[in-house]
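Read the figures in this text as sums done on the coordinates, not as results from a lab. Not measured: the values here are computed from a predicted model. We place every Cβ from the backbone using ideal geometry, glycine too, and count neighbours over all the protein chains shown.
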Amino acid sequence: MSRVVDIKDLSISFATDAGAVKAVDGVSLSVNRGEVLAIVGESGSGKTVTAKTILGLLPETATTGGAVLLSNRAGTSVSDVVSLSKKQLRAVRGADVSMVFQEPSTALNPVYTVGWQIAEGLRAHGKLSRAEAKREAIEILRKVGIPEPEVRVNYYPHQFSGGQKQRVVIASALVLNPGLIVADEPTTALDVTVQAEILELLRRLRDEFDTAIVLITHNMGVVADLADRVAVMYQGKVVEEADAKTLFAHPQNDYTKRLLDSVPRIGQGRARTEERQRVRAERASGGVVDVPVVEATNLTIEYAARFGRKGFRAVDDVSFRIGPGEVLGLVGESGSGKTTIGRAIGGLTRITSGSLKVLGFEMLDFAERRFKPLRADIGFVFQDPAASFNPLLTIADAVAEPLVIHGRAKNPAQARKRVDELLEAVQLPKSYGDRFPHELSGGQRQRASLARGLALEPKLLIADEPTSALDVSVQARVLELFAELQLEFGFAALFISHDLAVVDLLADRIAVLYHGRLVEEGTGAEVLGDPRDPYTRRLLASLPVPDPVEQAARRTVLARIQAEAGANPA
């Protein structure tokens, strides 16, 4: 097999005000034609920096040593990317190597059609007319599975779903038929069902086009599903490299073992559920009345028609309850109504019909003036802590904000003692209160977000995808912390996620939403151990597991479920 890229003793350091910071330290890797190499590790391990070096995408502050030898598609020439000029790099990018970025919404320009953006790469590398470039764009959109490509080539990015946007980004990377694609976290923000489709697409590209893929990810299930070989990075070094089956079955390095142990698996939550039930039973025996914290009956939420479009029913006749100290996991893909229900419980979205009682208060046609005192009993933990924190406020000021707003303190300084207690409760040093959000890592920001959500000692916490953007090892620590705090403080929680294994770890009961309707509800053992609804079975089969052998069998099951769904459409 011919090598597409050969990285030799790569070292990269960045110039900062505090001196040089070494991001990559003596890394040597190679990728053969038609092979998928997964580079895994937590944030800051150097995996993305290593991958970007293949395309010469490092900033001017970077100092690079070693060599990155890149072959062209035909295998007739080899270039050392490290030593190429800017003009030579432009010739290499797209033609020999392309990149699929993590967030398609930021990778695509919102003011140009997707056809124009795909054709831009073609025109940059050849003398094609507009009509010829558009025909090529339509053809590549067809190959990546975009329906009606002749029509959708004229669509703008906002007119596509998240999974379709990722397909468009992959189409842009493929249009010049490069020998190597670098995919940086290509499925991180996607639902498990859409993720399964993207992974199947990448697998097909490898098989049909003989394209080599460097996959950057922290999702070990994705690695097991797609990778031929795996390189594990830690603190800028490759600490272990092996074929996928060997690495998962017999990891050698301690860090690799910790990484694999951090991956949540279906069935792990049973012991925690029993512990929570025992604690609730003890509290109930102490005179605590089991009045539902949240009770929905035939809940319906519709968005009104506007701009010539029809109205949309986001939540359709849903009924459920959350008892005191209980954790309800709400799962489903994007557009299923999960976040809409969470917003309605928090009084941020009005309900259309049915009944929704939150802490005994009826939310149908509620008056904000009457509901406002109850807001102190409802905490929120948002999906992206970087976006939910005000970048101009210190962490202490941000955590103190609910206390000041609800009159528990006159100003952040007066609330500082309580803030320090909260930071220590979420295992952050109280000195971190003086830092700004950008000075904390993703996991640390999410801990601070949890501290802010608990500041008023709420009776109900709404957590909307709080760990989806975190590394697997950081996610494990945040989930462990969430479980400990929930047991300690006894708050009820609505935990919204598309990751069934994560929900299984934390939830007493799981509710599955599909197109706004509640299709299944029960304990983790009932819903995940013996799912009744076809959608739940498809959701479960779409979840990749960190075992290449088991994952191959699950792909077969998923293919059969999808074939049955296609033969018997709802």
Checklist outcome for this item: For the stretch 500-570, shape from the Cα gyration tensor axes a ≥ b ≥ c, cut at a/c of 1.5 then a/b versus b/c, turns out oblate
Item to check | Summed side-chain charge close to HIS125 - residues other than HIS125 whose Cβ falls under 11 Å, Lys, Arg +1, Asp, Glu -1 | outcome: +2
Item to check | Ranked list, fewest to most other Cβ atoms within 10 Å of each Cβ, for SER11, SER336 | outcome: SER11, SER336
Next on the checklist: Just to confirm the filter: which trypsin sites (Lys or Arg not before Pro) across the stretch 19-116 are DSSP coil and have at most 12 other Cβ within 10 angstrom of their Cβ?
Outcome noted: none
Item to check | Lys pairs, the stretch 83-191 - Cα-Cα below 28 angstrom, 8 or more residues apart or on other chains | outcome: 9
Checklist entry - Counting only DSSP beta bridges with both residues in the stretch 3-261, what percent are antiparallel, rounded to the nearest 5? => result 60 percent
Checklist entry - Taking K and R as +1 and D and E as -1, what net charge do the other residues with C-beta under 11 Å from the C-beta of SER262 add up to? => result 0
Checklist entry - For the chain, what's the relative contact order in percent, using C-alpha pairs closer than 8 Å and at least 6 residues apart? => result 15 percent
Checklist entry - What are the ³J(HN,Hα) values, in whole Hz, obtained from phi via the Karplus relation 6.51 cos²θ - 1.76 cosθ + 1.60 with θ = phi - 60°, for each residue of the stretch 488-502 in sequence order, with x given for Gly and Pro? => result 5, 8, x, 6, 7, 8, 9, 9, 9, 7, 10, 9, 4, 5, 5
Item to check | Cα convex hull of the chain - mean projected area over all directions, nm² | outcome: 28.3 nm²
Item to check | Check: the chain dipole with +1 on Lys, Arg Cβ and -1 on Asp, Glu Cβ, in debye | outcome: 1300 debye
Checklist outcome for this item: Fewest to most Cβ atoms within 10 Å: GLU148, GLU362 sort as GLU148, GLU362
Checklist outcome for this item: From fewest to most C-beta neighbours within 10 Å, the residues ARG167, ARG206 line up as ARG206, ARG167
Next on the checklist: I'd like the GluC sites (Glu not before Pro) in the stretch 13-97 restricted to DSSP loop residues with at most 14 other Cβ atoms within 10 Å, sorted by number.
Outcome noted: GLU60
Next on the checklist: Please give the charge dipole size of the stretch 3-261, origin at the Cα centre, charges +1 on K and R Cβ atoms and -1 on D and E Cβ atoms. Round to the nearest 20 debye.
Outcome noted: 800 debye
Next on the checklist: Could you work out how much longer the chain between ALA552 and ALA20 gets when fully extended? Use 0.36 nm per residue separation minus the Cα distance between them, nm to one decimal.
Outcome noted: 187.1 nm
Checklist entry - Quick one: if you stick a label point 7 Å off each Cα along the C-beta vector at THR246 and ARG265, how many nm between them? => result 2.2 nm
Checklist entry - Relative to the present Cα-Cα distance, how much length would full extension add between SER334 and SER431 at 0.36 nm per residue of separation? => result 31.1 nm
Item to check | For LEU84, net neighbour charge (Lys/Arg +1, Asp/Glu -1) across residues whose Cβ lies under 13 Å away | outcome: +2
Checklist outcome for this item: With R₀ set to 41 angstrom, the calculated FRET efficiency between the beta-carbons of GLN159 and ALA413, to the nearest 0.05, is 0.25
Checklist entry - Considering only DSSP beta bridges with both partners in the chain, what is the antiparallel share in %, to the nearest 5? => result 55 percent
